[in-house]
Amino acid sequence: MTASQTTAAQITLDGAQTVRTIDRAHHDLAAVLAAHAAVTVDCVAVTEVDLSLIQLLLAARASARRNGKTIALTAPANDALRTALLQGGFLRDDADGPEAAFWLHRAPG
């Protein structure tokens, strides 16, 4: 593991993160995750979300886990992301456990 792979990095996403715009986020996240052992994703300024962002983050979590790396959100899901998670069935309002810990920063029940 190189020195950069032992350090943490952050990626910031903002604006619309939809099927029309997700390619850039995918490229940036893949590059940062390939180069670092721990990555945080800042979604606070995301204003529009569809399932493509959720799928990207879930796939990145799975990939990170398989490769002994970690990925986390810098803050609990904002309103746009939380709404998409709820509408897509990825999260419940009363969620606890590992999904709530990741998306909402709630301690696992």
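The values are calculated or read from the model by the stated rules, or taken from the named source; none is laboratory data. For clarity, every value in this text was computed on a predicted model and none was experimentally measured. Here the Cβ positions follow ideal geometry from the backbone for every residue, glycine too, while neighbour counts run over all protein chains shown.
Residues Ala62, Ala107, Ala38: which one is aliphatic (A, V, I, L, M) and modelled with pLDDT under 95? If you could, list the steps in order and put the result at the bottom.
Details: Ala62 fails: modelled with pLDDT under 95; Ala38 fails: modelled with pLDDT under 95.
Ala107 is the lone residue from the list that is aliphatic (A, V, I, L, M) and modelled with pLDDT under 95.
Check region 61-74 and report whether any residue there is of a type in the set (Val, Ile, Thr) and out of contact with any strand residue (DSSP E or B) (no Cβ under 7 Å at 6 or more places or on another chain). Break it down into steps so the answer makes sense when it comes.
Kept after step one, since they are of a type in the set (Val, Ile, Thr), are these residues of region 61-74: 70-71, 74.
Then drop every residue that is not out of contact with any strand residue (DSSP E or B) (no Cβ under 7 Å at 6 or more places or on another chain), which leaves none.
No, every residue in region 61-74 fails to be of a type in the set (Val, Ile, Thr) and out of contact with any strand residue (DSSP E or B) (no Cβ under 7 Å at 6 or more places or on another chain).
Among the numbered criteria (1) of a type in the set (D, E, K, R); (2) farther than 25 Å from Thr7 by Cβ; (3) in contact (Cβ under 8 Å) with a residue 24 or more places away in the chain, which single criterion is violated by Arg61? Looking at each condition in turn, Arg61 falls short on (2). Here Ile11 passes the criteria (1) in contact with a Leu (Cβ under 8 Å, 6 or more places away or on another chain); (2) touching a residue at least 60 places away in the same chain (Cβ under 8 Å); (3) among the β-branched types (Val, Ile, Thr) except the one numbered (2).
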